[in-house]
1. Can you confirm whether the range 240-250 contains a residue that is loosely packed, with under 14 Cβ neighbours inside 10 Å, among the polar types (S, T, N, Q) and over 30 Å from ARG81 (Cα atoms)?
2. Regarding LEU328, is this residue closer than 22 Å to LYS202 by Cα and out of contact with any strand residue (DSSP E or B) (no Cβ under 6 Å at 6 or more places or on another chain)?
3. Any idea which residue in the range 211-231 is surrounded by the fewest Cβ atoms within 10 Å (Cβ to Cβ), counting only those that are part of a loop (DSSP other than H, G, I, E, B) and polar (S, T, N, Q)?
4. Would you call VAL149 among the β-branched types (Val, Ile, Thr), surrounded by 20 or more Cβ atoms within 10 Å (Cβ to Cβ) and part of a helix (DSSP H, G or I)?
5. Among PRO208, PRO234, PRO184, PRO176, which is the only one that is in contact with a helix residue (DSSP H, G or I) (Cβ under 7 Å, 6 or more places away or on another chain) and part of a loop (DSSP other than H, G, I, E, B)?
6. Specify which of the listed residues (GLY276, GLY262) is closer than 18 Å to ILE193 by Cα and loosely packed, with under 14 Cβ neighbours inside 10 Å.
Amino acid sequence: MIREPQHPLRVFSGVQPTGRLHLGNYLGALTKFVALQDQHECVFCVVDLHAITVRQEKSMLAANTREIAAAFLAAGVDPKRAIIFVQSAVPAHAELAWILNCTAKMGWLERMTQFKDKAGKDKERASVGLFTYPVLQAADILAYKTTHVPIGEDQKQHLELSRDIAERFNREYDVPGFFPSPEPLTQGPGARIMSLKDGTIKMSKSDPSDLSRINLDDSPEQITKKIKKATTDPDGLPSTVEGLAGRAGASNLVGIYAALAGCSNAEVLAQFGGQGWGMFKPALAELAVAKLSPVATRFSRYQNDPAELDRVLADGAARAHAISAPILREVRDIVGFWKA
């Protein structure tokens, strides 16, 4: 009986360098990264190869890459405990993606809802890279034999594809358990932060209204103004979580408070239930300023020190390569590629 290998517990996640980070990124990803680095071996990546599936300004790509690295550090990710690097600096990502492209099936990719959303009605004009993006995402994960991936609800389908690709590769090449089937990590605060102007859609840096989001580098005055103008409804805060049903704006603000305070929605409502927004919004703004201002200060400091960011990223790339290169060599042997 062939015994499948046991894989060391390893976490991988990536963030695209496509513009200003906001509260949703901070609560939905960065705070989780900080918590995970104390529990697991963590590999965190700035996924610039993913970014170019749509047109990027050459002059901005490197600057945006450093901005993401600065955000990692400002949020509290420790480069001595976690690996922070740039995707394109580690060759295993692109090479493994091609190999896995030859394992994945067209039908699998055609079912990806994010491609349909991003390509829109004119999918014939979308780049091939946008279509095969999920395979590169699988390569990102499997290049490190990742066992766990922190994801939001909108990424579950992509992780399931990564699992399908891993399992098919193992079967096709008769290497049971070579690639693990990565498990999702969905627990934790702030998994889904919504727009301040429309509580039914995610907070996004692409939203044309700056009032829809709190940027990581916003001033206290900007944060306070945006929360004051956030969309709610005529009713005050309910006393129970059940009272938030069907009230997207109210639910979003309560969820933001809970995530920033490190408590549950029920605990927020136990404190504020029955009060009006004129009482709750100033309390939320005060909490947001207290939590985000130190992050913004560190973020600015790191952004003003590109040499330090480059040092961290170069060290991270070397450490990431040290993990992924032996795995890729194994993959090449399994596939049967020529060896010099």
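Coordinate-derived values only; no laboratory data. All figures in this text were calculated on a predicted structure; none of them were measured in a lab. Neighbour counts are summed over all protein chains in view; Cβ atoms, including those assigned to glycine, are modelled from backbone coordinates with ideal geometry.
1. yes
2. For LEU328, the condition - closer than 22 Å to LYS202 by Cα and out of contact with any strand residue (DSSP E or B) (no Cβ under 6 Å at 6 or more places or on another chain) - is not met.
3. SER219
4. For VAL149, the condition - among the β-branched types (Val, Ile, Thr), surrounded by 20 or more Cβ atoms within 10 Å (Cβ to Cβ) and part of a helix (DSSP H, G or I) - is not met.
5. PRO176
6. When all the criteria are applied, what remains is GLY262.
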